[in-house]
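Step one of this worksheet: look at the structure below.
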Amino acid sequence: MGKGQRMRMVAVDMDGTLLGADGQVSARNLAALKAAEQAGVEVVVATGRRHSYAMRVLRGLGLREENGLISSNGAVVRTIGARLLERSLLQEKTAKWLVGHMGEFRSSLLITFDRVRLDGEDTRGALVVEEMEELNGSIGRWMAANEPYIERVVPMEDALGREGLIQMMLCGTIERMREAEAKLLLDPKVLGVGLEPLGRHEVRRGEHEVSPGAEAALHRTEYPERDLSIVDILPGGCSKGRALLDLAAERGIGSDEILAIGDNWNDVSMLEAAGSAVLMANAPESLKVAGAGRGWLVGGHHAEDGVAIAVEAALAGDLYPTIVSAL
C-alpha cells in the first residue's frame, strides 16, 4: 500500500496469479498470505473456478477456514471451510434463452451448478455438457480433471430446471470466443462487466451508463500463449469486484483498505474495487495498458512469486517503491 494506507484485506486471483506454473501455491506465496493473516489482514481468494475446483488446490494449505473464497467469478461466496455466505442464481428462463441463442457456439458450452456438499466437494452433475469433442479440444486437461463431476445431457435444456444453476462457460480460441461474445452482446439482456464494480443487478452499458435490468453478465479470460479464451456467463450484476465489496462491507473494511492482485480481464472489477491494485507481469499486454491509465502497478510474474512480492511490500507499508524496485 502507499504511505499512510493500511491494508486490512488482500484479494488474490488463483490461476495466473497465486498459482505458479505447476498449478500450485509456492512456499513463498503461502508464507506471505499467512504473514498477512498473522498481521490481522483478511485474506480473500477470488477465482473464476467453482468452489470445489478451487479447493482442490487450497485444501490442506493451512489458511484460515473463515477466509472468504469468491468463486465462479463472483456468483458464489463461501468461506474456505465451505460455509455459504452469498450465492446468485441464473434464472431458468434466462438460461433457456441463452442456450437457444448460442447457435453454432453451443458445442463449446458448459453449464455449472452449485452442488457443493458440507465437506466442500461437488457431485456428478455439477457440470453439464451436451457435446464433448470441442471442449476436449480446447480444455482437454480441465475436462479430464473434472470428469467425476461432468454429466452429458442431450439436449442440455433438460438440465436447466435443476437447483443451483450459477454459470455457463464458453471455451475456444480467442477469435472464436470474441465472435461468441459479440453475438451475445447484441441482445440487451446480456451485458459485459465494465471496469468499475456495480451493484448486483447492475451491469454497465456504456462508459458511465448503467442498465439495471440485465439478466446475464459476461466475463472474459484470455490466454494468448495458448490461444484460449473462456467467456463466463453469470447472473446479471455478478462480478469479483461486487462480491469483494460486499464481503469487505460485512467485515467493516473500506475499499481503500483492500489490495487486489490479478492477471486477467475477469479480475478487472476486483482491481477496480480495491484501493491498491497489482497486475501480474504475465497479464495480457492490452490489460496492462488499460491498467496503467488507472494507476495499477505491474508486479512480478506468477511463476516467480509475484503475489508474495506484492503482499510483503504491502505489509511493510509501502507497496509502490518496494514492488517497483523488486522487478
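The values are calculated or read from the model by the stated rules, or taken from the named source; none is laboratory data. Just so it is clear, the structure is predicted and the values come from calculations on it, not from any experiment. Heads up, the Cβs are rebuilt from the backbone with ideal geometry, glycines too, and the neighbour counts pull from every protein chain shown.
Could you pull out the residue among 160, 165 that is more than 18 Å from residue 237 (Cβ to Cβ) and either modelled with pLDDT of 95 or more or within 18 Å of the chain's Cα centre (by Cα) (or both)?
Details: 165 fails: more than 18 Å from residue 237 (Cβ to Cβ).
Within the list 160, 165, the selection yields 160.
Residue 198 meets the conditions (1) hydrophobic (A, V, I, L, M, F, W, C); (2) at pLDDT below 90; (3) closer than 22 Å to residue 107 by Cα in every case but one. The failed one is (3).
Go through the residues of the range 122-137 one by one and say whether even a single one is without any contact (Cβ under 8 Å) to a residue 40 or more places away in the chain, over 23 Å from residue 69 (Cβ atoms) and touching a Pro at 6+ places or on another chain (Cβ under 8 Å). Yes: the range 122-137 contains one or more residues that are without any contact (Cβ under 8 Å) to a residue 40 or more places away in the chain, over 23 Å from residue 69 (Cβ atoms) and touching a Pro at 6+ places or on another chain (Cβ under 8 Å).
Strands (runs of 3 or more DSSP E) wholly in the range 35-80 with at least 1 residues that are more than 17 Å from residue 260 (Cβ to Cβ) - which ones? Let's see the steps before the verdict.
Numbers: elements: 42-46, 68-71, 76-79.
Correct list: 76-79.
Test residue 114 against the stated conditions and say whether it is buried (at least 16 other Cβ atoms within 10 Å of the Cβ) and either over 17 Å from residue 169 (Cα atoms) or out of contact with any His (no Cβ under 6 Å at 6 or more places or on another chain) (or both). Working first, answer last.
Numbers: buried (at least 16 other Cβ atoms within 10 Å of the Cβ): yes; either over 17 Å from residue 169 (Cα atoms) or out of contact with any His (no Cβ under 6 Å at 6 or more places or on another chain) (or both): yes.
When the stated conditions are applied, residue 114 passes them.
Results for (1) more than 11 Å from the chain's Cα centre (by Cα); (2) at pLDDT below 90, shown as yes or no for each residue.
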{"residue": "215", "(1), (2)": "yes, yes"}
{"residue": "222", "(1), (2)": "yes, yes"}
{"residue": "228", "(1), (2)": "yes, no"}
{"residue": "232", "(1), (2)": "no, no"}
{"residue": "243", "(1), (2)": "no, no"}
{"residue": "246", "(1), (2)": "yes, no"}
{"residue": "260", "(1), (2)": "yes, no"}
{"residue": "263", "(1), (2)": "no, no"}
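Run down 269, 276, 255 and say which single residue is more than 17 Å from residue 17 (Cα to Cα), polar (S, T, N, Q) and in the same structural domain as residue 32 (by TED's automatic domain parsing). Every option except 255 fails the conditions.
Listed here are the residues, each with its yes/no results for (1) touching a Lys or Arg at 6+ places or on another chain (Cβ under 8 Å); (2) in the same structural domain as residue 273 (by TED's automatic domain parsing); (3) closer than 15 Å to residue 217 by Cα.
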position: 109; (1), (2), (3): no, no, no
position: 115; (1), (2), (3): no, no, no
position: 128; (1), (2), (3): yes, no, no
position: 134; (1), (2), (3): no, no, no
position: 141; (1), (2), (3): no, no, no
position: 154; (1), (2), (3): no, no, no
position: 187; (1), (2), (3): no, no, yes
